[in-house]
Amino acid sequence: MSLLEVEHLRIWDGGSGAVLVPDSSFRLSQGECLAIVGESGSGKSLTCKALMRLNRPGIRQTGRVALNGVDLTGLSDKEMRPYRGKRMCMIMQNGMRAFDPSRPVGAYLLEALSLHGDWSPSEMVAGLSAAMMSVGLSDPSAVMKRYPHELSGGMLQRTMIALAIVLEPDVIIADEPTTALDAVTQYEVVEQFVALRGRIGSAIVFVSHDLGVVRRIADEVLVMKDGVIVEQGGTDAIFGGASHPYTRYLVSSKEALRSRYLQLMGGTRIAEG
Ligand SMILES: Nc1ncnc2c1ncn2[C@@H]1O[C@H](COP(=O)(O)OP(=O)(O)O)[C@@H](O)[C@H]1O
Ligand SMILES: [Mg+2]
């Protein structure tokens with residue numbers, strides 16, 4: 001049995017009736033990293049949020065989403081609560097929306113931790129501070145005092161990653177967690193994900209535009225286009241010989257960018273990393 005099983009997931013707009021994701025199935029084993037790639041608007045975020053039933057109420061879904069064999073789709077909001085955070089943790093694409101705008105970031109983080117574990121307040125602060133520093137937030141106590149609107153999108157995302165590091169969930173769903181970050185921080189954050197996986201065996205759903213990052217971190221890749229999974233397979237197979245023309249297009253545009261970069265840098269050494 002896989003850790004996470006998604007079968008015939010269908011997502012539509014309850015207002016207009018428009019079908020946004022017609023029929024997706026995939027699975028994730030413990031400790032595995034599944035990347036979801038595809039252009040903007042292809043349904044990646046809707047799919048991620050559907051796993052935790054976090055899409056806004058107008059968005060409807062059917063199909064089976066099971067964690068450790070328990071079908072989450074039939075659970076009430078209250079029954080779903082223990083699964084969010086401790087068992088499955090989502091790092092949202094839009095950091096601003098993930099936090100409570102009326103409270104300092106630290107208050108929100110400490111409440112999330114107290115809901116999901118039995119740490120003492122000083123253990124929570126110490127754990128969070130260490131995790132924040134490990135994702136490049138060098139002054140954790142200053143960050144915790146700020147309100148969400150006072151922090152950049154990249155800082156909020158890193159704060160969510162720090163929370164996930166402390167919570168050690170079974171599944172981490174990371175929706176473009178590196179997009180808002182500069183190259184150095186991106187590298188550090190990706191290394192954090194790799195380490196987290198090694199340390200606690202979290203399974204990861206990793207949405208990214210960056211195929212270089214995907215290649216580094218993913219075991220399996222799922223390619224989405226217009227709400228449909230057009231291809232899925234092992235990372236090496238996808239990068240080595242994709243069968244769908246759209247995947248080949250994505251991989252070749254990445255290669256074209258890379259060669260252009262190499263040309264501009266006038267050599268091959270810098271871009272090898
Ligand atoms: N709340 C919503 N209501 C209606 N349509 C939506 C909503 N959110 C997203 N969509 C539509 O669903 C499609 C997929 O969106 P999304 O999953 O956010 O794409 P991605 O994350 O791949 O960029 C887009 O065409 C978008 O317009
Ligand atoms: Mg998205």
task: Among the candidates Leu75, Leu34, Leu9, single out the residue that is in contact with a Phe, Trp or Tyr (Cβ under 9 Å, 6 or more places away or on another chain), more than 16 Å from ligand 1 (Cβ to nearest atom) and open to solvent by less than 60 Å² (accessible area, probe 1.4 Å).
output: Leu75
- prompt: Is it true that Leu20 is within 16 Å of the chain's Cα centre (by Cα) and surrounded by 13 or more Cβ atoms within 10 Å (Cβ to Cβ)?
  reply: no
- prompt: Which one is farthest from ligand 1 (Cβ to nearest atom), of the residues in the range 37-53 that are open to solvent by 50 Å² or more (accessible area, probe 1.4 Å) and out of contact with any Lys or Arg (no Cβ under 8 Å at 6 or more places or on another chain)?
  reply: Arg53
Residue check for Gly127: touching an Asp or Glu at 6+ places or on another chain (Cβ under 9 Å) and either modelled with pLDDT of 90 or more or open to solvent by 40 Å² or more (accessible area, probe 1.4 Å) (or both): no
- prompt: Which of (1) away from ligand 2 (no atom under 13 Å from the Cβ); (2) modelled with pLDDT of 90 or more; (3) open to solvent by 50 Å² or more (accessible area, probe 1.4 Å) does Gly58 not meet, given it meets every other one?
  reply: (3)
query: Out of curiosity, is Arg158 basic (Lys, Arg) and modelled with pLDDT under 90?
result: yes
message: Among (1) more than 10 Å from ligand 1 (Cβ to nearest atom); (2) crowded, with 20+ Cβ neighbours inside 10 Å; (3) not in a helix (DSSP H, G or I), there is one condition Asp118 misses while meeting the rest; what is its number?
response: (2)
- request: Identify the single condition in (1) farther than 26 Å from Ser208 by Cβ; (2) out of contact with any Gly (no Cβ under 8 Å at 6 or more places or on another chain) that Gly58 does not satisfy, given that it satisfies every other one.
  value: (2)
- line: Just one listed residue, out of Arg216, Arg197, is closer than 23 Å to Ala66 by Cα and among the basic types (Lys, Arg), and it is Arg197
task: Report yes if Gly43 is in contact with a Gly (Cβ under 6 Å, 6 or more places away or on another chain) and of a type outside the set (Asp, Glu), otherwise no.
output: yes
message: Being open to solvent by less than 10 Å² (accessible area, probe 1.4 Å), at pLDDT 90 or above and within 16 Å of ligand 2 (Cβ to nearest atom): is that true of Leu137 here?
response: no
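The values are calculated or read from the model by the stated rules, or taken from the named source; none is laboratory data. From a predicted model like this one, the values you see are computed outputs, not experimental measurements. When we count neighbours, we look across all protein chains shown, and the Cβ atoms used for this are built from the backbone with ideal geometry, even at glycine. For the accessible areas, the whole protein counts, side chains as well, though only heavy atoms, and no ligand, DNA or RNA atoms are used. Shrake-Rupley method; radii C 1.70, N 1.55, O 1.52, S 1.80 Å.
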